[in-house]
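Read the structure below first, then the notes.
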Amino acid sequence: MNFIDRKIVENVSRRGFLQGALASGVFILSARFVSQPLWAEGEAATAFDPSLWMAIASDGTVTIVAHRSEMGCGSRTALPLVVADELDADWAKVKIDQAIGDPKYGDQDTDGSHSVRSYFELMRQVGATGRAMLISAAATQWNVPPNDCSTEPHFVVHKASGRKLGYGELAPAAAKLPVPKKEELRFKSRGEWRYIGKESNALFDLPDIVTGKAVFGMDAEMPGMVFASIEHPPVLGQKIKSYDDKAALKVAGVRKTLTIDTVEPPHMFKPLGGVAVIADNTWAAFSGRRQLKIEWDSSPHSVYNSGEFRKTLEATSRQPGKVVRNVGDVDAAFAKAGKIIEAGYYTPHLAHGAMEPNVAVAEYRDGKVLAWAPTQNPQAVQETVAGVLGLKKEDVTCHVTLLGGGFGRKSKPDQVAEAALLSKQVGKPVKVVWTREDDTKCDFFHSVAAMYMKAAIGANGKPTAWLQRTTYPPIGSTFDASAKYADDEMGLGWNNLPFDIPNHRAENGPADYHVRIGWLRSVANIYHAFAIHSFADELARNANRDPVEYLLDLVGPARVVQPDLKGDEAEEAKAYPLDTARLRRVIEVAAEKSQWGKLPTGKGRGMGIAAHRSFLTYVATVVEVEVDNKGQVHIPNVWTAVDAGTVVSPDNIRNQFQGAAVFGTSLALFSEITATKGVIDQGNFDTYQLARMNRAPRQIDVHIVESDAPPAGVGEPGVPPFTPALCNAVFAATGKRVRELPVSKTKLM
């Protein structure tokens, strides 16, 4: 596989796995229930369509393939755990192999908090099918009915006679049996689950991670590889006018320089362009790059100044926009309202700030590309690399390492395409390494946004009408340069308001893009939740009502809310209706666990609450803050209640929501990306700040609400309610309302 040393994370090819499996006499689970075979006809001489989901060796080792990426989200453990549970396997005898990019695995994009919710049932089916075939093999050998047999971890048991056989012993015979249809399977009941929902499920990779053995993108190597560092255009769309590399070529270890063309929009996931320094090591590549002298052409985005752009966004948010949800008659309700409250909210661009900057190694040889990368989406690697090199997607092989953070940035594989392009030119494998400055200045940024909120106030301070407008450069501009409206993002906390308000209208205003826009952990939910739940708190305070009581009043009685959704969102809403009873429950739990109303507030100390549904998960968060005499915000406590439906790993859920609180602290208190004449002002963690240890929450309590609903997302839903809860707490502590992020821009003392 051309991977040197430290190959801890196994990556399997389809043909290679099959050949090795058959050679060792293992039982390979058939893929009859998969929509299409995993090999072309004639590629495998077996009696059934083999699958790479699972195999059992004669020594009893169960190999389960993880087709999603691991970046701390736990999906590489959770999905195999579901297989092992239904198989009734001994987890100590399970090995996990990482799948390469291949569309026959289904969607491999580890994004959108949908790994478990999209593949939970399929993984159960994989395990249950294997268990059924093992039972059939044992029953045949014992000449007893299969229904008289059962399983215990890694054994088939015939209780009447006291006989049992290990899975390894049964594997060869099981491989020869027909695969049962889905309707013939017996799935475990919830009470029979051995691993699903249990507390002891640590990440499979945890021992290697904490001992330094785990392989991340920076660890990947290929024989004879060279290193590359790329000077990208400082402004999106700039092209090289001229460059001087004489001084760069004098640096010891530098071999040559090469150019990468700037792509025409839409930029999608293609490389930005620029000048690459090819060298024997990263230090030489970085040093040589600093000696380059480059003159850039102008770009239409050179006019971009974030301060002026903010004014444009805010002005647009005050004008009528495209209606994305309309309930009742908002205009009539406002016309007869006795009191109207308005507010505007603003959030800046954000960078992903993953601890491991972009890196990839790729080799172009004989019209094919082999790559190793810390990617959230190896199929996007195939598509992007194939597109820029004019290859077929199946001629691009992408092996997936562990990711040193992702947050949505590493679903965009531009750095892998850079490595492949350069490899074709130099005739060797090339390892592209981005600096922290590259990662910050050349990101796919979380969009800047302006929101306008307006409410007509009725009895008891509750709105009789509610108008909300959101305006921001859409992610769609990544794929369509003419995109101005965020049509595909309105379901991210905007057109599905769960409040019990008779007249409600949600709108979306147009905005141009000037930087690359991309997904960041919880996406548009971040600014939408900030505006909606900050405004809800403003209304509560204006009505002199307790914020928790007021929030529950806004949510209203238990009911199912079905907003006007289209396409995939509409189909998903059928399986996961917006149930306000579940939202009410997490609010009540968060208030109870935080002892809401029992702790003193004011004089620099306060508590705030927000509740939000995203990625089909219901979350309520209470944040306690202390504001010192310098105006610095400290967070002694965070309480989060979460209803994520059926839970595979409670410990991992707590990890995700604790991490979301730290992530949210960075976004709320410090993080901001600005631009001057199209150039990003921030470069490293000195100017793009993240929460240091002394500013992170000191105690984070996560309370999981039990539910038998289908599994929902857990990687992202903890982020949206955190910021408004924190800002509401700041108001309780200081009387100062935060309407723009980061909080550090608001003078609190």
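The values are calculated or read from the model by the stated rules, or taken from the named source; none is laboratory data. These numbers come from a predicted model, not from an experiment. Glycine also receives a Cβ, built like all others from the backbone with ideal geometry; neighbour counts cover every protein chain displayed.
Specify the residue that is farthest from Val432 (Cα to Cα); the eligible residues are those in the range 342-389 that are surrounded by 23 or more Cβ atoms within 10 Å (Cβ to Cβ) and of a type in the set (Ser, Thr, Tyr).
So the residue we want is Tyr345.
Quick check: is even one residue across the range 610-625 assigned to a loop (DSSP other than H, G, I, E, B) and over 29 Å from the mean Cα position of the chain (by Cα)? Outline the logic, then answer.
Our first condition is that a residue be assigned to a loop (DSSP other than H, G, I, E, B); within the range 610-625, this holds for 615-616.
Next cut, over 29 Å from the mean Cα position of the chain (by Cα) only: none.
The answer is no; no qualifying residue exists.
Please work out if Gly74 is on the phi > 0 side of the Ramachandran plot and buried (at least 24 other Cβ atoms within 10 Å of the Cβ).
Values: on the phi > 0 side of the Ramachandran plot: yes; buried (at least 24 other Cβ atoms within 10 Å of the Cβ): yes.
Considered against the rule, which asks whether it is on the phi > 0 side of the Ramachandran plot and buried (at least 24 other Cβ atoms within 10 Å of the Cβ), Gly74 comes out as yes.
In contact (Cβ under 8 Å) with a residue 12 or more places away in the chain, touching a Gly at 6+ places or on another chain (Cβ under 9 Å) and surrounded by 18 or more Cβ atoms within 10 Å (Cβ to Cβ): which single residue out of Val705, Val633, Val623 fits that description?
Working: Val705 fails: touching a Gly at 6+ places or on another chain (Cβ under 9 Å); Val633 fails: touching a Gly at 6+ places or on another chain (Cβ under 9 Å).
Result of the check over Val705, Val633, Val623: Val623.
Could you tell me which residue of the range 192-210 is farthest from Arg124 (Cα to Cα), considering only residues that are among the aliphatic types (A, V, I, L, M) and modelled with pLDDT under 95?
Our first condition is that a residue be among the aliphatic types (A, V, I, L, M); within the range 192-210, this holds for 196, 202-203, 206, 209-210.
Narrowing the set further to residues that are modelled with pLDDT under 95 leaves 202-203, 206, 209-210.
Values: Ala202: 20, Leu203: 19, Leu206: 24, Ile209: 28, Val210: 30 Å.
Here the residue is Val210.
Which of the residues spanning the range 276-285 are of a type in the set (Gly, Ala, Ser) and either surrounded by fewer than 24 Cβ atoms within 10 Å (Cβ to Cβ) or not assigned by TED's automatic domain parsing to the domain that holds Ala247 (or both)? Quick ask: steps written out before the conclusion?
Of all residues in the range 276-285, those of a type in the set (Gly, Ala, Ser) come to 276, 279, 284-285.
If the condition is that a residue be of a type in the set (Gly, Ala, Ser) and either surrounded by fewer than 24 Cβ atoms within 10 Å (Cβ to Cβ) or not assigned by TED's automatic domain parsing to the domain that holds Ala247 (or both), then Ala284 is the only one that fits.
Does Val730 satisfy being in a loop (DSSP other than H, G, I, E, B), modelled with pLDDT of 95 or more, among the hydrophobic types (A, V, I, L, M, F, W, C) and buried (at least 22 other Cβ atoms within 10 Å of the Cβ)? It would help to see each step written out before you state the result.
Numbers: in a loop (DSSP other than H, G, I, E, B): no; modelled with pLDDT of 95 or more: yes; among the hydrophobic types (A, V, I, L, M, F, W, C): yes; buried (at least 22 other Cβ atoms within 10 Å of the Cβ): yes.
When the stated conditions are applied, Val730 does not pass them.
If I filter the range 583-602 for residues that are in contact (Cβ under 8 Å) with a residue 24 or more places away in the chain, of a type in the set (Ser, Thr, Tyr) and part of a strand (DSSP E or B), do I get at least one hit? Lay out the reasoning, then the answer.
From the range 583-602, those in contact (Cβ under 8 Å) with a residue 24 or more places away in the chain are 583-591, 593-594, 596-597, 599, 601-602; that's our starting set.
This time we only want the ones that are of a type in the set (Ser, Thr, Tyr), so: 594, 601.
Keeping just the survivors that are part of a strand (DSSP E or B) gives none.
No, because not a single residue in the range 583-602 is in contact (Cβ under 8 Å) with a residue 24 or more places away in the chain, of a type in the set (Ser, Thr, Tyr) and part of a strand (DSSP E or B).
Quickly run through the range 488-534 and pick out the residues that are at pLDDT below 95 and farther than 25 Å from Leu552 by Cβ.
Asp488
Results for (1) within 22 Å of Gly344 (Cα to Cα); (2) assigned by TED's automatic domain parsing to the domain that holds Lys270; (3) more than 30 Å from the chain's Cα centre (by Cα); (4) crowded, with 22+ Cβ neighbours inside 10 Å, shown as yes or no for each residue.
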position	(1), (2), (3), (4)
Glu507	yes, no, no, yes
Val523	yes, no, no, yes
Ala540	yes, no, yes, yes
Asn544	yes, no, yes, no
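Could you identify the single residue in Lys213, Lys256, Lys198 that is part of a strand (DSSP E or B), surrounded by fewer than 21 Cβ atoms within 10 Å (Cβ to Cβ) and over 23 Å from the mean Cα position of the chain (by Cα)? Outline the logic, then answer.
Details: Lys213 fails: part of a strand (DSSP E or B); Lys198 fails: part of a strand (DSSP E or B).
On inspection, the qualifying residue turns out to be Lys256.
Determine which single condition Val251 fails, assuming it passes every other condition in (1) under 26 Å from Thr676 (Cβ atoms); (2) hydrophobic (A, V, I, L, M, F, W, C); (3) touching a residue at least 40 places away in the same chain (Cβ under 8 Å).
Exception for Val251: condition (1).
Looking only at the range 551-571, decide whether some residue is among the β-branched types (Val, Ile, Thr), assigned to a strand (DSSP E or B) and farther than 25 Å from Thr646 by Cβ. Outline the logic, then answer.
Narrowing the range 551-571 to residues among the β-branched types (Val, Ile, Thr): 555, 560-561.
Going one step further and asking which of them are assigned to a strand (DSSP E or B), we end up with 560-561.
From what's left, farther than 25 Å from Thr646 by Cβ: none.
No.
Could you pull out the residue among Gly288, Gly273 that is more than 32 Å from the chain's Cα centre (by Cα), in the same structural domain as Val388 (by TED's automatic domain parsing), closer than 25 Å to Gln425 by Cβ and in contact (Cβ under 8 Å) with a residue 24 or more places away in the chain? Spell out the reasoning first.
Values: Gly273 fails: more than 32 Å from the chain's Cα centre (by Cα).
That would be Gly288, the only listed residue that is more than 32 Å from the chain's Cα centre (by Cα), in the same structural domain as Val388 (by TED's automatic domain parsing), closer than 25 Å to Gln425 by Cβ and in contact (Cβ under 8 Å) with a residue 24 or more places away in the chain.
So if I check each of Ala343, Ala373, which one is outside the structural domain of Phe269 (by TED's automatic domain parsing) and among the aliphatic types (A, V, I, L, M)? Reasoning before the result, please.
Details: Ala373 fails: outside the structural domain of Phe269 (by TED's automatic domain parsing).
Of Ala343, Ala373, the one residue that is outside the structural domain of Phe269 (by TED's automatic domain parsing) and among the aliphatic types (A, V, I, L, M) is Ala343.
Hey, among the residues in the range 220-248 that are out of contact with any Ser or Thr (no Cβ under 7 Å at 6 or more places or on another chain) and part of a helix (DSSP H, G or I), which one's surrounded by the most Cβ atoms within 10 Å (Cβ to Cβ)?
Ala247
Starting from the range 104-130, take each residue that is outside any loop (DSSP other than H, G, I, E, B) and list its partners that are among the charged types (D, E, K, R), counting only C-beta distances under 6 angstrom and pairs at least six apart or across chains.
Within 6 Å, the pairs are Ser115/Arg68; Arg124/Glu86; Gly127/Glu86; Ala128/Glu86.
Yes or no: Glu86 assigned to a helix (DSSP H, G or I) and closer than 30 Å to Thr397 by Cβ?
Values: assigned to a helix (DSSP H, G or I): yes; closer than 30 Å to Thr397 by Cβ: no.
Spelling it out, it is not the case that Glu86 is assigned to a helix (DSSP H, G or I) and closer than 30 Å to Thr397 by Cβ.
For the range 267-386, which strands (runs of 3 or more DSSP E) that fit wholly inside it have 3 or more residues that are within 30 Å of Lys484 (Cβ to Cβ)?
Working: elements: 274-279, 293-296, 322-327, 339-347, 359-365, 368-373.
Where strands (runs of 3 or more DSSP E) fall fully within the range 267-386 and carry at least 3 residues being within 30 Å of Lys484 (Cβ to Cβ), they are 322-327, 339-347.
Here is a check on your reading of the model: is Arg131 modelled with pLDDT of 95 or more and closer than 20 Å to Val83 by Cβ?
Working: modelled with pLDDT of 95 or more: yes; closer than 20 Å to Val83 by Cβ: yes.
Taking the combined requirement at face value, the residue satisfies it.
Kindly check whether there is at least one residue in the range 669-689 that is closer than 30 Å to Thr77 by Cα, of a type in the set (A, V, I, L, M, F, W, C) and assigned by TED's automatic domain parsing to the domain that holds Asp643. I'd like the intermediate steps shown before the answer.
As a first pass, look at the range 669-689 and keep what is closer than 30 Å to Thr77 by Cα: none.
No: zero hits.
Assigned by TED's automatic domain parsing to the domain that holds Ala57, closer than 30 Å to Trp519 by Cβ and within 27 Å of the chain's Cα centre (by Cα): is that true of Gly101 in this structure? Lay out the reasoning, then the answer.
Details: assigned by TED's automatic domain parsing to the domain that holds Ala57: yes; closer than 30 Å to Trp519 by Cβ: yes; within 27 Å of the chain's Cα centre (by Cα): yes.
When the stated conditions are applied, Gly101 passes them.
Does Ser298 satisfy the condition of being of a type in the set (S, T, N, Q) and either without any contact (Cβ under 8 Å) to a residue 40 or more places away in the chain or surrounded by fewer than 16 Cβ atoms within 10 Å (Cβ to Cβ) (or both)?
Numbers: of a type in the set (S, T, N, Q): yes; either without any contact (Cβ under 8 Å) to a residue 40 or more places away in the chain or surrounded by fewer than 16 Cβ atoms within 10 Å (Cβ to Cβ) (or both): yes.
So Ser298 fits the description; yes.
Taking the stated definitions as given, is Val647 aliphatic (A, V, I, L, M), within 28 Å of the chain's Cα centre (by Cα) and assigned to a strand (DSSP E or B)? If you could, list the steps in order and put the result at the bottom.
Numbers: aliphatic (A, V, I, L, M): yes; within 28 Å of the chain's Cα centre (by Cα): yes; assigned to a strand (DSSP E or B): no.
Considered against the rule, which asks whether it is aliphatic (A, V, I, L, M), within 28 Å of the chain's Cα centre (by Cα) and assigned to a strand (DSSP E or B), Val647 comes out as no.
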